[in-house]
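The structure under discussion appears below in the form of structure tokens.
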Amino acid sequence: MTQLLKVAALVSGGGTNLQAIIDAAESHSIAAQLVCAGSDNPQAGGLIRAQRHNIPTFIVDYSAIIRQYDAPNTVAVLPDDCNLTEIMARERLTPPTMSPGQRERFFKTRLMAEAALLKQLGAFGADLLVLAGFMRVLTPYFIDRFNVGSQLPRIMNIHPALLPSFSGVDGYGDTWRYGCKVGGCTVHFVDYGEDTGPIIGQRSFPILPDDTLADIKARGLQQEWELYPECIQLYARNQLTLVPSSGSAASRMIVQITAAPAG
Ligand code: GRF
């Protein structure tokens, strides 16, 4: 029997991508099994979807952690194994315009949340973590601790635009407002930047003159539900390799897809 890839998922919202992955796993169209689903949002509909399929769930309530940090007379307790200065030197998430105080608050609260995430995820021994509408960026602290024991990165994300265009929180909205005639979605590995990691797969779709933003989102999601399981299957079947990009001065790594193994 084929060894199944153990997949953990993080969601913040309705979880239709998570559902597509669960369905693909249950119908054996991908060689993967969902081992857990977590969320930063206690109300995330994705958690209910997971529970319906007997997938263990957990919550790391980022908003509560941030509130606690902001409360008067609170001393932030950072994880023992983190070096804030070194993490902030490596990140590519925050804009130069962010004040030092805001930046410190951002990283301290994320580190506390990420230590809790790592602890929860640690119980499930996942091979791959998929961000499926998880609306929090991950810092180098989390990424380096999760990306161990594999030649490939172990965290994937799905983004609702054709990267590298329209990174950020509203990919479909930004695509539509820009007046693009084609939209798309992208699955990529997660690196230290926001939506900047090596691209694994993309789908595109036409944007027609009378389309509303709701039309674009609906069309895009249909594509996402196919693309994400496909990319997970490429990972499960060892068809992905990272190679240096030939033309790139900044030594960018890109994903090469090799042929499916026979049989
Ligand atoms: C999707 O459009 C995904 O690309 C983006 O967030 C949305 C999540 O939708 N990152 P759902 O929760 O999977 O339905």
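A straight Cα-to-Cα reach below 18 Å connects K119 with the aspartates and glutamates D40, D61, D80, D81, D127, D144, residues fewer than 8 places away in its own chain not being considered. Annotation: lysines with alpha-carbon distance below 16 angstrom to K181 (same-chain offsets under eight excluded): K217.
Nothing charged except the Cβ atoms of Lys and Arg (+1) and of Asp and Glu (-1): what's the magnitude of the dipole of region 67-221 about its Cα centre? Round to the nearest 20 debye. Result for region 67-221 is approximately 100 debye, rounded to the nearest 20.
Residues W176, W225, arranged from fewest to most other Cβ atoms within 10 angstrom of their Cβ, appear as W225, W176. If you average 1/r across every pair of different Cα atoms in region 63-140 and take the reciprocal, what Kirkwood value do you get, in Å? For region 63-140, the Kirkwood estimate is 14.0 Å. Let me know the shape class of the chain, please: from the alpha-carbon gyration tensor, a ≥ b ≥ c as square roots of the eigenvalues, rounded when a/c is under 1.5, otherwise prolate if a/b is greater than b/c, or oblate. Taking the square roots of the gyration eigenvalues as a ≥ b ≥ c, the chain is rounded.
Protection proxy ranking for 97-103, 181-187, 39-45, 63-69, using the average of other Cβ atoms within 10 Å per residue and placing the highest first: 181-187, 39-45, 63-69, 97-103. In terms of its alpha-carbon gyration tensor, region 154-236 comes out oblate; a/c meets the 1.5 threshold, while b/c is at least as large as a/b. Bridge orientation summary for the chain: considering DSSP beta bridges with both residues in this region, about 45 percent are antiparallel. Entry note, the chain: relative contact order of 18 percent, from Cα contacts under 8 Å with a spacing of 6+ residues. Summing Cβ point charges (Lys, Arg +1; Asp, Glu -1) relative to the Cα centre of region 42-127 gives a dipole of roughly 300 debye.
Considering only Cα atoms, the convex hull volume of region 112-216 works out to 103 Å³ per residue.
With a ≥ b ≥ c taken as the square roots of the eigenvalues of the C-alpha gyration tensor of region 220-263, please select rounded if a/c is under 1.5 and otherwise prolate if a/b is larger than b/c or oblate if it is not? Oblate, because a/c is 1.5 or more while a/b does not exceed b/c. Measuring r between the beta carbons of Q222 and A262 and using R0 = 25 Å, the FRET efficiency lands at 0.20. Highest average first, the peptides 14-21, 167-174, 239-246 ordered by how many other beta carbon atoms sit within 10 Å of their residues are 14-21, 167-174, 239-246.
For the chain, the dipole from Cβ point charges (+1 on Lys and Arg, -1 on Asp and Glu) about the Cα centre works out to 140 debye, to the nearest 20.
Every number in this text was worked out from the coordinates using simple rules, so none of it is lab data. The structure displayed is predicted, hence computed values, not measured ones. For neighbour counting, all protein chains shown are included, and Cβ atoms are generated from backbone atoms with ideal geometry for every residue, glycine included.
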